[in-house]
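Single-structure report; data block below.
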Amino acid sequence: MSDATASRSADRLARIRDHVREGMSRREFFRTLATGGYALGMAHFLGVEDFLAADDGEVPVVTALVRSDPDDPWSLEERTEYVPADWYAAVESAIELNDRLSRAAFTGYLGSAVVPEHYDDGGAAVSVGVSGDLDSIRDAVGDLSEGVSLNVREIVDVEAVEDDSDRYEPRMAESLTSSQIPAGIACETPSSLATLGPAMFDPESQQRYFVTAEHAFEEQDEVDGALLSLPISAEEPVELGPVRHAYPVEDVAAIEPNGSLAPSMWIDAPEPVRVRGQLTRWGLADLIARDERLEKVGALTGHTTGRVQGFDAVTCFTDDFCRRGQIRWGGEMDLTDGDSGSASYYDDPDGNEEDVLVAGFNNARTWWPGQSYVWGVAAYRVTEQYGYHF
């Protein structure tokens, strides 16, 4: 981001703070934010007091939605952090550019992601994956860049994918010792193996769902109603329930429990962890700025960790549509067939020792030279689109 653009953005944020005053109504507050150009995606969680508490040169962002009562899935509260205004402005510009790139539909576009720089550097970049003539593509991208740093890479051989799942033994439940089924173990569809995610909640219906990857049901004529089962070592599989909601673009399937077994907020990690909430878009941006890592537990590759490489990513590699709101993290060795549906997560810095925050799902990985990461839809995207939370 250019110095002039950063200065204009910082001045704009300063003017917003100058117009925020104690006692103003929520309507006035949101009008002030909107008029000043503040990103409103998660702003409904912010209050006047958040802006008034910020130091000069800082702005508040919501980094996580966390349960105040770890046993009550409906007790979500926002967690607010303060970030440098120039860094916020740069990341906001990169988010806008990334969205414009994905909608421009220029020839050769395969995907892109927002990559914030460290806080001290104060900027952000957009990583763009393309196929075709790089010079013409750079020209097309350059017309849209408006001062945001761009990293354009050519991607080749996107049709070749290798299934190496036979190298691993699935992590199956040894026996049913509890009615609560933890995440991170194998689950079965009528046609394939996948990984069970942590309990996903619908605040509108107050329903708790099992969850896994929608593409694990891809060989079914009708995904809605297809059954998910729990394979158990040396025993017959146990039925968990039918798919009630399938989202092929996000690659998420919500399964309604139909018996005494229920999805758990616990993940079967080497040291079991409990989901306490989820990261927002700005929570992921913060992790990248601090060079932090995510973790996951898959039914095949087990527990792995890796650095967050990008958020708000768009991937157009595998279908005739693009997937939005994705996370890129780790490396391609962190995922194999059968790990799909697992959750990526991060230690909750303000929670108990066992508490973690869900970042998103893991449903695919790179298989071409020059890039190496896992991708899947972010939790914030699922919440924004459908209202579910963790």
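Things worth noting here:
- Selected residue (only one of 86, 120 is within 23 Å of residue 60 (Cβ to Cβ), out of contact with any Asp or Glu (no Cβ under 8 Å at 6 or more places or on another chain) and part of a helix (DSSP H, G or I)): 86
- For residue 216, the conditions (1) in contact with a Ser or Thr (Cβ under 6 Å, 6 or more places away or on another chain); (2) of a type outside the set (Asp, Glu); (3) at pLDDT 95 or above; (4) assigned to a strand (DSSP E or B) all hold with the exception of (4).
- Screening residue 229 against (1) in contact with a helix residue (DSSP H, G or I) (Cβ under 9 Å, 6 or more places away or on another chain); (2) surrounded by 12 or more Cβ atoms within 10 Å (Cβ to Cβ); (3) of a type in the set (S, T, N, Q) leaves a single unmet condition, (1).
- Applying the condition of being part of a strand (DSSP E or B) and not basic (Lys, Arg) to region 313-336 and asking which residue is farthest from residue 281 (Cα to Cα) yields 315.
- All positions within region 176-196 that are in a strand (DSSP E or B), touching a helix residue (DSSP H, G or I) at 6+ places or on another chain (Cβ under 9 Å) and either over 17 Å from residue 218 (Cα atoms) or open to solvent by 40 Å² or more (accessible area, probe 1.4 Å) (or both): 188, 193
- Among (1) surrounded by 21 or more Cβ atoms within 10 Å (Cβ to Cβ); (2) out of contact with any strand residue (DSSP E or B) (no Cβ under 7 Å at 6 or more places or on another chain) - the single one residue 204 does not satisfy: (1)
- Yes/no for residue 199 being farther than 16 Å from residue 257 by Cα, buried (at least 17 other Cβ atoms within 10 Å of the Cβ) and not hydroxyl-bearing (Ser, Thr, Tyr): no
Condition check ((1) within 18 Å of residue 302 (Cα to Cα); (2) touching an Asp or Glu at 6+ places or on another chain (Cβ under 9 Å); (3) basic (Lys, Arg)) across all residues:
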position	(1), (2), (3)
156	no, no, no
169	yes, no, no
199	no, no, no
209	no, yes, no
215	no, yes, no
226	no, no, no
230	yes, yes, no
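- Condition check for residue 118 on (1) touching a residue at least 60 places away in the same chain (Cβ under 8 Å); (2) open to solvent by less than 60 Å² (accessible area, probe 1.4 Å); (3) under 30 Å from residue 352 (Cα atoms): one failure, at (2).
- Count - residues of region 236-245 that are in contact with a Ser or Thr (Cβ under 7 Å, 6 or more places away or on another chain) and open to solvent by 60 Å² or more (accessible area, probe 1.4 Å): 2
- Restricting attention to region 207-222, the residues that are open to solvent by less than 20 Å² (accessible area, probe 1.4 Å) and either among the aliphatic types (A, V, I, L, M) or under 16 Å from residue 336 (Cα atoms) (or both) add up to 4.
- Among the residues of region 328-357, the ones that are closer than 20 Å to residue 278 by Cβ and out of contact with any Lys or Arg (no Cβ under 9 Å at 6 or more places or on another chain) come to 6 in all.
- Any hit, region 78-88, residues being at pLDDT 90 or above, within 23 Å of the chain's Cα centre (by Cα), within 20 Å of residue 281 (Cβ to Cβ) and of a type in the set (Asp, Glu): yes
The values are calculated or read from the model by the stated rules, or taken from the named source; none is laboratory data. Computed from a prediction, not measured in an experiment: that's the story for all the values here. No Cβ is skipped: glycine too gets one built from the backbone with ideal geometry, and neighbour counts run over all protein chains shown. What goes into the accessible areas is simple: the full protein's heavy atoms, side chains included, and nothing from ligands, DNA or RNA. Shrake-Rupley method; radii C 1.70, N 1.55, O 1.52, S 1.80 Å.
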